1. Working carefully through the options Leu85, Leu73, Leu59, find the one that is of a type outside the set (Lys, Arg) and surrounded by fewer than 12 Cβ atoms within 10 Å (Cβ to Cβ).
2. Find the residue count for segment 71-90, including only residues that are within 9 Å of Leu22 (Cα to Cα) and part of a helix (DSSP H, G or I).
3. Could you please give the count of residues in segment 24-56 that are in contact (Cβ under 8 Å) with a residue 12 or more places away in the chain and either part of a loop (DSSP other than H, G, I, E, B) or buried (at least 18 other Cβ atoms within 10 Å of the Cβ) (or both)?
Amino acid sequence: MVKQKDNPSSLQKNKSSLQRGLILYNDDINTFDYVIETLIEVCNHEHEQAEQCTFVTHLKGKCNIKNGKYSDLKLMCNVMTIRGLTVSIE
């Protein structure tokens, strides 16, 4: 049986469509209210979800706040960084 070679453009397409997580990291700068407000505005969280993510971040040091494609999370990551939060896409 002959193995079919992967097309580089299809590999890139598959890589960009993989589910990723937007991770929020704890800091000693931003208030709970500010982080909650940002999660609601940027990530479209409900108030309760934003509160829970904020508390998890505070207690554990980080929290996966949103899952999705890299291209969808990149804009949220940029906006949250501009707002002074520490986030990454993993």
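Any read-out appearing in this document is the output of simple, stated calculations on the displayed coordinates, not a laboratory observation. Keep in mind it's a predicted model, so treat the numbers as computed, not measured. Glycine gets a Cβ as well: all are built from the backbone with ideal geometry, and neighbour counts include every protein chain shown.
1. Only one candidate passes the filter, namely Leu59.
2. 4
3. Summing the residues that are in contact (Cβ under 8 Å) with a residue 12 or more places away in the chain and either part of a loop (DSSP other than H, G, I, E, B) or buried (at least 18 other Cβ atoms within 10 Å of the Cβ) (or both) in segment 24-56 gives 15.
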